[in-house]
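Derivation of every value follows stated rules applied to the coordinates shown; laboratory data play no part. Being a predicted model, the structure only gives us computed values, none of them experimental. Positions of Cβ are backbone-derived with ideal geometry, glycine not excepted, and every protein chain shown enters the neighbour counts.
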Amino acid sequence: MHQHPAERRRFTRIHFDAQTKISQGPLHWSVKLLDVSLKGLLVEKPLNWHPVTEQTFTANIHLSDETHIIMDVRLAHVDDQYLGFECTHIGLDSISHLRRLVELNMGDEQLLERELRALISTQ
């Protein structure tokens with residue numbers, strides 16, 4: 001039996017609106033962030049989207065003037081309207097900010113801990 005992708009998803013998506021940029025070398029795109037999880041993010045596909053898809057990207061989610069979530073990501077899926085990115089690397093400061101954001105929006109610390117353990121086991 002084939003599972004629907006949402007049924008296989010192990011990480012809670014947090015709907016969040018923040019100024020977000022995707023970059024790849026000298027290329028930069030301002031994108032609309034739709035949701036973020038401990039494993040990646042979903043954004044609206046920008047009109048001028050012409051990347052080198054085999055190369056990695058950097059996602060920069062602007063939380064405040066001094067606080068950003070910065071992660072290296074790979075393009076996991078593309079369709080006419082959306083881009084899905086999977087996190088391949090995230091620094092300690094950024095994962096701390098992301099964890100806090102997820103924690104505040106989930107309201108369930110046990111579920112958050114389960115997702116963190118699942119994230120560590122996939123590395």
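Taking Cβ atoms as reference points and 12 Å as the exclusive limit, the residues near residue 17 contribute a net charge of -1, counting Lys and Arg as +1 and Asp and Glu as -1. This model, with +1 at the C-beta of Lys and Arg and -1 at the C-beta of Asp and Glu, gives the stretch 12-122 a dipole about its Cα centre of some 160 debye.
In what order do 29, 49 fall by count of nearby beta-carbon atoms within 10 Å, going from fewest to most?
49, 29
The phi torsions of the stretch 84-89, fed into the Karplus equation with coefficients 6.51, -1.76 and 1.60 and a -60° offset, translate into couplings of x, 10, 9, 5, 10, 7 Hz, rounded to whole numbers, with Gly and Pro shown as x.
Which order do the peptides 96-103, 59-66, 77-84, 32-39 come out in when sorted by mean C-beta neighbours inside 10 angstrom, highest first? If you can, show how the numbers build up before the last one.
Numbers: 96-103: 17.0, 59-66: 13.9, 77-84: 12.4, 32-39: 19.5.
So the order, starting with the most tightly packed, is 32-39, 96-103, 59-66, 77-84.
Percent relative contact order of the stretch 12-122, based on C-alpha pairs within less than 8 angstrom and at least six residues apart?
Values: 201 pairs, mean separation 24.8, N = 111.
So the answer I get is 22 percent.
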